[in-house]
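Here the structure is laid out as structure tokens; the discussion comes afterwards.
The values are calculated or read from the model by the stated rules, or taken from the named source; none is laboratory data. All of these numbers come straight from a predicted model, not from anything done at the bench. We place every Cβ from the backbone using ideal geometry, glycine too, and count neighbours over all the protein chains shown. We work out accessible area using only protein heavy atoms, side chains counted, and drop any ligands, DNA or RNA first. Shrake-Rupley method; radii C 1.70, N 1.55, O 1.52, S 1.80 Å.
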There are 2 protein chains.
Amino acid sequence: MANDDYHKILLDESEIPTQWYNIVPDLPEPPPPALHPGTHEPAGPDDFAPLFPMELIMQEVSQERYIDIPGEVLDVLKLWRPSPLFRARRLEKLLDTPAKIFYKYEGVSPAGSHKPNTSVPQAYYNAKAGVKKLTTETGAGQWGSALAFACAQFDIECEVWQVAASYRQKPHRKTMMEIWGATVHPSPSEVTDFGRELLAQDADHPGSLGIAISEAVSQAAPYEDVRYALGSVLNHVLMHQTIIGEEALLQLAKVGETPDVLVGCTGGGSNFGGLAFPFLREKMAGKMNPTIRCVEPMACPTLTKGEYRYDFGDTAGMTPLMKMHTLGHSFIPEPIHAGGLRYHGMAPLVSHIYELGMVEAISIGQEECFAGALQFARAEGIVPAPEPTHAIAAAVREALACKESGEEKVILTALCGHGHLDLASYEKYLAGEIKDFDLSEDAISAAMAGVPTIAG
Amino acid sequence: MANDDYHKILLDESEIPTQWYNIVPDLPEPPPPALHPGTHEPAGPDDFAPLFPMELIMQEVSQERYIDIPGEVLDVLKLWRPSPLFRARRLEKLLDTPAKIFYKYEGVSPAGSHKPNTSVPQAYYNAKAGVKKLTTETGAGQWGSALAFACAQFDIECEVWQVAASYRQKPHRKTMMEIWGATVHPSPSEVTDFGRELLAQDADHPGSLGIAISEAVSQAAPYEDVRYALGSVLNHVLMHQTIIGEEALLQLAKVGETPDVLVGCTGGGSNFGGLAFPFLREKMAGKMNPTIRCVEPMACPTLTKGEYRYDFGDTAGMTPLMKMHTLGHSFIPEPIHAGGLRYHGMAPLVSHIYELGMVEAISIGQEECFAGALQFARAEGIVPAPEPTHAIAAAVREALACKESGEEKVILTALCGHGHLDLASYEKYLAGEIKDFDLSEDAISAAMAGVPTIAG
């Protein structure tokens, strides 16, 4: 980079990180283990074996700081990685701020978000283990399309249960999955016992993520050559996403910058962890000292209003118990448009480092998020997905604070996906139909009442 | 590029071309001039002045080989340019071909196609000339959204007339234009005399591109500080697009390749011209010898079945007469999904070089195009817009011919946009609802009967 006039910082393919970073061994305290849902004893690798191939299970519990990214995985990631790091100069100008705003853009992936960073290795390890088909659930469709794309690369089948309401309202994500060869069912579906049971009660059942998980799991666990794939929350998923932060570190180094503030949107936690963990490593090593902040929707404030305790990952209560910030596994968030942030819990690793005081958390309402997104789109061009509008709104807040204080802070965030398949939510915002939800304490208390009481 | 294992070839921002290439002075014969629609005399700069600012008119008739790209324009182009050149290794493997397939990807622009390459300079020159608002027409919405984005960068208003059928069926493109601050009307609209007249006859009038052009022009020409913008066909538009080919030349040089075959989809001709003209320059200079081929839809075969003669650019017959390959300005193509290729004529410059025998042309039906697009999406990840599926299908044909012959040809094409807002057409294809149209000679004859007879 010969001058200070750059708009984006690119890396050559030869500079792509070749290892994932596992933050676990670097933490001052180890994160609490997952528990078996029946015995409440720590879950061992065998408990996960019906769902995941052993190499992924070993990553889930690994104590190695770095794990090599297989060449076959890198070959696919290189279809779009390294992803660009942008300096949002036109947004800085619009806000009239002395701050420098950088954003790592993950919308360049074929599926349009950061999700393929983990769907590709997950499909790879499954294919290598002889698995012939992966099942999964999807809400709005981001994860389902990422997995469909990945399965096409390793010649394995992909079967997706998409929440029925979404399946009917947003047919385009389904089409995208089908283009990559996946089979997509509305959930509840006629394919599973559980689905048939629900459809018998209500032929127009709208479905839920919890139901879709149950259906996907039920079509994987009993079969030798079928496994299940999860797009967030778990340790190995967050680890696969650290390629985002590793690249961003290299890119900032090229222009001689280190972040003063890092903000990332958090749903299940994989986008946030992917960006933040490598920077946390540098911070723990005393090489930089950024404030690191999670940004969650006011309608689903897991970290800022949830409790830190053991809870199920799914609504039906079938998964291992994980210690995490939760609003209660029966909590159904209001239908805000950032579908990827509507999860009742938070990744155990993100929850743990939040408890340790290593990161901050705030929640932001939708109106402020869409307002920030419009400023961003008009200045920088890219139309963001609803999820990263939370990160953008937080970056805008910080940049405006710098305008007040005169501080020339370096702000780093991740734009984890484009909004090309989410324009209906912008249409609603422009029509004045998007309002903030003031989440009642009662709604949270009611859902928390269903969380099992577990010692420790 | 240290090795031969690359998937994409990137350029640093500092390598962005700083001049557009004007092919006109290099041609063995000058292209015939545009004619005034009333007098049939060659149209002079003043004839274009009610529609365009003088700097664009001067570019339209320029005899300079190179024109500097203003710094303010480069600053915006750098939001996404230089665009990547991909080597389609996974597609090559899928096709089992010895050919090397390269594609230049323009879907990285904020609007998702190559169109912002010209909308940005057009907005810039208009803003510089004191213009406060640009009007334009759009069909499916690619051009309208590109202009909306560009106007947001130079703080001028943008007013778009979108063909009513499209406006109603594809609300998402309208939303995208509104995100960037544009005002969008369905056409025919209540805003213009012509629109009101048509709506009085039929309140549900579906509209047409010709009608939308008439409305947009009628709201620009009479006003001092309003001008009109066109997204293809004209010389200056094709020239702005040559940045595509100039970058591709630099990128291929980095890996020591020259194309044996260049294929590009042609609608109005700007994507094709943008990629091909710099390579034609190299070919004329004896530096390489690629076969250069236009690919058009079987349902709108302007070059392969049209006549080369003077015709109007719009359906209503208001524009200057241009000598071009035309199916007749009253020709209404069947509703194939590649909206950007549904133009009755071809850019005069592309028509001229085709007449001179400098390029070839073929037409391909939709079924083959979508089949090729599916192979492409599954191998390379990116879901192409319907327009470049024609280029992809032609590249696949060529690669399969290489498989037969054993030739290791270098094939170059442009993927001029992504298909994220065109998934409905893929849905139809996957449902078996997309069929090829066998265009009748009678339909062409009928439309050609309306073309004015002009000597020369």
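Screening B:E72 with (1) open to solvent by 60 Å² or more (accessible area, probe 1.4 Å); (2) more than 28 Å from B:E224 (Cα to Cα); (3) within 14 Å of another protein chain (Cβ to nearest Cβ); (4) not basic (K, R) gives one miss only, at (2).
Going through B:L400, B:L349, B:L439 one at a time, which residue ends up being touching a Pro at 6+ places or on another chain (Cβ under 7 Å), open to solvent by 10 Å² or more (accessible area, probe 1.4 Å) and more than 12 Å from chain A (Cβ to nearest Cβ)? So that I can check it myself, show each step before the final result.
Values: B:L400 fails: touching a Pro at 6+ places or on another chain (Cβ under 7 Å); B:L349 fails: open to solvent by 10 Å² or more (accessible area, probe 1.4 Å).
Being touching a Pro at 6+ places or on another chain (Cβ under 7 Å), open to solvent by 10 Å² or more (accessible area, probe 1.4 Å) and more than 12 Å from chain A (Cβ to nearest Cβ) holds for just one of B:L400, B:L349, B:L439, which is B:L439.
Among the conditions (1) out of contact with any Cys (no Cβ under 9 Å at 6 or more places or on another chain); (2) within 13 Å of another protein chain (Cβ to nearest Cβ); (3) open to solvent by less than 10 Å² (accessible area, probe 1.4 Å); (4) of a type outside the set (D, E, K, R), B:P188 misses just one, which is (2).
Of all residues in the stretch A:146-156, which are open to solvent by 10 Å² or more (accessible area, probe 1.4 Å) and of a type in the set (G, A, S)? Within the stretch A:146-156, just A:A152 meets the criteria. Within the stretch B:88-145, the set of residues being more than 13 Å from chain A (Cβ to nearest Cβ), among the basic types (K, R) and open to solvent by 10 Å² or more (accessible area, probe 1.4 Å) comprises B:K100, B:K128, B:K132, B:K133. Annotation: of all residues in the stretch A:412-436 being away from chain B (no Cβ under 14 Å) and in contact with a Leu (Cβ under 8 Å, 6 or more places away or on another chain), the one that is nearest to A:P110 (Cα to Cα) is A:A414.
Looking at the structure I just gave you, is A:T413 in contact (Cβ under 8 Å) with a residue 40 or more places away in the chain and in a helix (DSSP H, G or I)? Before you say what the answer is, go through the steps one by one.
Values: in contact (Cβ under 8 Å) with a residue 40 or more places away in the chain: yes; in a helix (DSSP H, G or I): no.
No.
When each of A:D75, A:D4 is tested for being in a helix (DSSP H, G or I) and more than 20 Å from the chain's Cα centre (by Cα), the lone residue that passes is A:D75. You will find that of B:T39, B:T18, the residue that is in contact with a Leu (Cβ under 9 Å, 6 or more places away or on another chain), of a type in the set (V, I, T) and farther than 30 Å from A:E72 by Cα is B:T18 and no other.
Taking the conditions exactly as written (of a type in the set (F, W, Y), under 22 Å from B:L252 (Cα atoms), in contact with a Leu (Cβ under 9 Å, 6 or more places away or on another chain) and in a helix (DSSP H, G or I)), does B:F370 satisfy them or not? Considered against the rule, which asks whether it is of a type in the set (F, W, Y), under 22 Å from B:L252 (Cα atoms), in contact with a Leu (Cβ under 9 Å, 6 or more places away or on another chain) and in a helix (DSSP H, G or I), B:F370 comes out as no. If you go through the stretch B:169-180 and keep only what is open to solvent by 10 Å² or more (accessible area, probe 1.4 Å) and in contact with a strand residue (DSSP E or B) (Cβ under 7 Å, 6 or more places away or on another chain), you end up with B:K174, B:E178.
Return the total of residues in the stretch A:423-439 being of a type in the set (G, A, S) and over 25 Å from the mean Cα position of the chain (by Cα). Give the derivation first.
In the first step, residues of the stretch A:423-439 are kept if they are of a type in the set (G, A, S); the result is A:424-425, A:431-432.
Keeping just the survivors that are over 25 Å from the mean Cα position of the chain (by Cα) gives A:431-432.
Residues in the stretch A:423-439 being of a type in the set (G, A, S) and over 25 Å from the mean Cα position of the chain (by Cα): 2 in total.
The set of residues from the stretch A:211-223 being surrounded by fewer than 21 Cβ atoms within 10 Å (Cβ to Cβ) and part of a helix (DSSP H, G or I) comprises just one member, A:S218. Within the stretch A:38-66, the set of residues being assigned to a loop (DSSP other than H, G, I, E, B), surrounded by fewer than 17 Cβ atoms within 10 Å (Cβ to Cβ) and not aliphatic (A, V, I, L, M) comprises A:G38, A:T39, A:H40, A:E41, A:G44, A:P50, A:Q63, A:E64, A:R65. Looking only at the stretch A:131-141, decide whether some residue is farther than 16 Å from A:E178 by Cβ and out of contact with any helix residue (DSSP H, G or I) (no Cβ under 8 Å at 6 or more places or on another chain). Yes, the stretch A:131-141 has at least one match.
Could you tell me whether B:S14 is of a type in the set (S, T, N, Q), under 30 Å from A:A88 (Cβ atoms), loosely packed, with under 14 Cβ neighbours inside 10 Å and within 14 Å of chain A (Cβ to nearest Cβ)?
Numbers: of a type in the set (S, T, N, Q): yes; under 30 Å from A:A88 (Cβ atoms): yes; loosely packed, with under 14 Cβ neighbours inside 10 Å: yes; within 14 Å of chain A (Cβ to nearest Cβ): yes.
It is true that B:S14 is of a type in the set (S, T, N, Q), under 30 Å from A:A88 (Cβ atoms), loosely packed, with under 14 Cβ neighbours inside 10 Å and within 14 Å of chain A (Cβ to nearest Cβ).
For the criterion of being over 19 Å from the mean Cα position of the chain (by Cα), buried (at least 24 other Cβ atoms within 10 Å of the Cβ) and of a type in the set (A, V, I, L, M), B:I411 passes. Annotation: of all residues in the stretch A:368-387 being at pLDDT 95 or above and away from chain B (no Cβ under 13 Å), the one that is surrounded by the most Cβ atoms within 10 Å (Cβ to Cβ) is A:C369. Across the stretch A:231-265, which residue is farthest from the chain's Cα centre (by Cα) among those that are modelled with pLDDT of 95 or more and of a type in the set (V, I, T)? Going through the qualifying residues, I end up with A:V255. Checking the conditions here, which among B:D47, B:D4 is at pLDDT below 95 and within 14 Å of chain A (Cβ to nearest Cβ)? One residue alone meets the criteria, B:D4. Restricting the first member to the stretch A:203-222 and to residues that are assigned by TED's automatic domain parsing to the domain that holds A:G141 and more than 18 Å from A:V131 (Cβ to Cβ), and the second to residues that are open to solvent by 40 Å² or more (accessible area, probe 1.4 Å) and among the small types (G, A, S), the beta-carbon pairs closer than 9 Å and six or more apart or on different chains are A:G210/A:A316; A:G210/A:S330; A:I211/A:A316; A:I213/A:A316; A:S214/A:A316.
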